[in-house]
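Novice: Have a look at the structure that comes next, please.
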Amino acid sequence: MNILKSLLQNYLMGFKIVKSFSSRFYNTGGGNLNSSSYNLRAEKNKKFITDICESYELKPKRILEIGFGKYPKCLELLDNYFSPDFICGLEKLIITRASKIKTFEDFKQLPKDIKFDLVYTIDVLEHVTDPYLLNQNISNFCHKDSLIIHSIDLTSHYHGSSSINSFKHYLYSKKLW
C-alpha cells in the first residue's frame, strides 16, 4: 500500500509515471560478482533503463543509482553506454567501489550543486519504509526534465522474522501463504 500511495503522491507532485515499461518478472537480486547470472541481471537492468531513456530521447550526463547493493555493475554498464560527465551510486553498506564511479552513503554527501538527468532504483522501494520521503530527497537533486525510474519487486518479502522491520509494510497475508 505504501508503494501505491508513493506513486500517487509523486504523480501529484508532478513527476511523470512511466507505465508502458512494465516488464515480466526476472530475478534481480544476489549472486556473486563475476557469476554469469549476476552479469545477465545487470545487462537486463541496463537494457531496461536504456530503453526508457531512448524512448524519451535522453542521453543523461549525470546519473544516480540508489541502492546498488554489493556491486555497482549496472552503473558500470551505463557508464560505458552513456559516457556521462558524472555518475554515482548511493548505498548505505558500500562493499565494492568501482574505480570510475563515485559512491556515497546518503543524500547529505551528494554534491549540493548537482542536478541529475537520470535517477533510478532497482528493487529498492520494497525495502524502504517511507518511499515518499525517499522521492522527496530524490527530487532535491533533479531538474524538471529529469527522469526517475523505479523498478519494484512485487514478490512478497516475508522472511518469518520480526527483526526485519523494513519489510513489514510489504507482506502478503498469512492466508495467501
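Any read-out appearing in this document is the output of simple, stated calculations on the displayed coordinates, not a laboratory observation. Keep in mind that this is a model prediction, so the values were computed, not measured.
Novice: May I ask you to evaluate 6.51 cos²θ - 1.76 cosθ + 1.60, the Karplus curve with θ = phi - 60°, for each residue of the range 47-56 and list the ³J(HN,Hα) values in order in whole Hz, giving x for glycine and proline?
Specialist: Working through the residues one at a time gives 4, 4, 6, 5, 4, 5, 4, 5, 5, 9 Hz.
Novice: Continuing with the same structure: Once amide H atoms are built 1.01 Å from N in the peptide plane, which residues 5 or more positions from Cys142, or in another chain, come under 5 Å H to H?
Specialist: HN-HN under 5 Å from Cys142: Phe116.
Novice: Moving on to the next point. From the P(r) of the range 69-149, could you give the percentage of C-alpha pairs in the tail past 18 Å?
Specialist: 42 percent
Novice: If amide hydrogens are placed 1.01 Å from N in the peptide plane, which non-local residues have theirs closer than 5 Å to the one on Ile149?
Specialist: Long-range HN contacts for Ile149: Val119, Tyr120, Thr121.
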